[in-house]
1. Taking segment 210-221, which residues are surrounded by fewer than 13 Cβ atoms within 10 Å (Cβ to Cβ) and not small (Gly, Ala, Ser)?
2. Can you tell me which of (1) surrounded by 13 or more Cβ atoms within 10 Å (Cβ to Cβ); (2) out of contact with any Ser or Thr (no Cβ under 9 Å at 6 or more places or on another chain) is the one LEU133 doesn't meet?
3. Go over the candidates LEU137, LEU103, LEU133, LEU116 one by one and state the one that is farther than 20 Å from VAL172 by Cβ and of a type in the set (A, V, I, L, M, F, W, C).
4. List the number of the failed condition for LEU145; all other conditions in (1) exposed (fewer than 14 other Cβ atoms within 10 Å of the Cβ); (2) part of a helix (DSSP H, G or I); (3) not assigned by TED's automatic domain parsing to the domain that holds LEU65 hold.
5. Kindly provide the set of residues from segment 20-65 that are more than 15 Å from the chain's Cα centre (by Cα), hydroxyl-bearing (Ser, Thr, Tyr) and under 18 Å from ASP101 (Cβ atoms), ordered by number.
6. Residues to consider are LEU128, LEU167, LEU137; find the one that is in a loop (DSSP other than H, G, I, E, B), under 17 Å from the mean Cα position of the chain (by Cα) and of a type in the set (A, V, I, L, M, F, W, C).
7. Can you pull out every residue in segment 57-105 that is assigned to a loop (DSSP other than H, G, I, E, B), modelled with pLDDT of 85 or more and in contact with a strand residue (DSSP E or B) (Cβ under 9 Å, 6 or more places away or on another chain)?
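The values are calculated or read from the model by the stated rules, or taken from the named source; none is laboratory data. Bear in mind the structure is a predicted one, so any value in this text is a computation, not a measurement. Here Cβ is always computed from backbone atoms with ideal geometry, including for glycine, and neighbour counts include all displayed protein chains.
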Amino acid sequence: MTAPAAEGNAPAAARFIAIEGPIGVGKTSLARRLAATWQTELLLEGAAENPFLPKFYEDPRRYALATQLHFLFQRTRELQARSQADLFAPRLTADFLFEKDRLFARVALDDDEFALYQEIYQRVVQTLPGPSLVIYLQASVPTLLKRVARRGIDYEQGIEADYLARLCTEYVEFFYRYDDTPLLIVNAEEINLVDNDEHYALLLAEIEQGVVGRRYFNPGV
């Protein structure tokens, strides 16, 4: 692994990095590595702490709303707590973007449930700080399914290709319109940002030179 850089050498973008992408794309693994490199606090979305998530994968229709509301309130508490304690000291790396909760809700909920979710969402989102950089990881549905199978989380093994395809489409549409912060779109289909030091060093160099607006990272490996 690349040796962690001193905290003082971390780029301005490392103030608050949020990593996003569909299930299995490698968000948490990359967040862990970036946090270790730049010695930032690590904030994980805590899927294992959501008691409704395993039930959702067994019966999506019944447990979708409870699952989404649990994530919404959980992430609100986490970000508000850090905001009240001065969010940006220490620096922060997260494996989720708060706004993505609405993206998952749009896929999982019917129209009436989504309207209720939206009303609650709008009441809390205005109180939360935003990231200084978003990293959006992309990969194909077959690749995502292989990675989900490889990491072997029991309740994820029933995820269907159709659900992942709809989720990937929602991500593409969401980030097509996203302009709240600098955005680095990473083609994670072939590269390995966790175990391959060369690939990871290329990503670090891309971030360290500064991301303005929207940038694509596809080293062609």
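1. Taking segment 210-221 as the starting set, the residues that turn out to be surrounded by fewer than 13 Cβ atoms within 10 Å (Cβ to Cβ) are 210, 212-213, 216, 220-221.
VAL212, TYR216, VAL221, listed by residue number.
2. Single failed check for LEU133: (2).
3. Details: LEU137 fails: farther than 20 Å from VAL172 by Cβ; LEU103 fails: farther than 20 Å from VAL172 by Cβ; LEU133 fails: farther than 20 Å from VAL172 by Cβ.
Step by step, each of LEU137, LEU103, LEU133, LEU116 is checked, and only LEU116 is farther than 20 Å from VAL172 by Cβ and of a type in the set (A, V, I, L, M, F, W, C).
4. With (1) exposed (fewer than 14 other Cβ atoms within 10 Å of the Cβ); (2) part of a helix (DSSP H, G or I); (3) not assigned by TED's automatic domain parsing to the domain that holds LEU65 applied to LEU145, the lone miss is (1).
5. If the condition is that a residue be more than 15 Å from the chain's Cα centre (by Cα), hydroxyl-bearing (Ser, Thr, Tyr) and under 18 Å from ASP101 (Cβ atoms), then TYR57, TYR63 are the ones that fit.
6. Among LEU128, LEU167, LEU137, only LEU128 is in a loop (DSSP other than H, G, I, E, B), under 17 Å from the mean Cα position of the chain (by Cα) and of a type in the set (A, V, I, L, M, F, W, C).
7. Going residue by residue through segment 57-105, those that are assigned to a loop (DSSP other than H, G, I, E, B) are 59, 85-91, 95-99.
Remaining after also requiring modelled with pLDDT of 85 or more: 59, 95-97.
Once the filter is applied, which keeps residues that are assigned to a loop (DSSP other than H, G, I, E, B), modelled with pLDDT of 85 or more and in contact with a strand residue (DSSP E or B) (Cβ under 9 Å, 6 or more places away or on another chain), segment 57-105 yields ASP95, PHE96, LEU97.
So that you can scan it fast, the table gives a plain yes or no per residue for (1) surrounded by 20 or more Cβ atoms within 10 Å (Cβ to Cβ); (2) closer than 15 Å to ARG15 by Cα; (3) of a type in the set (Gly, Ala, Ser):
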| position | (1), (2), (3) |
| --- | --- |
| ALA35 | yes, yes, yes |
| ALA48 | no, no, yes |
| HIS70 | no, no, no |
| THR76 | no, no, no |
| ARG106 | no, no, no |
| ASP111 | no, no, no |
| ALA115 | no, no, yes |
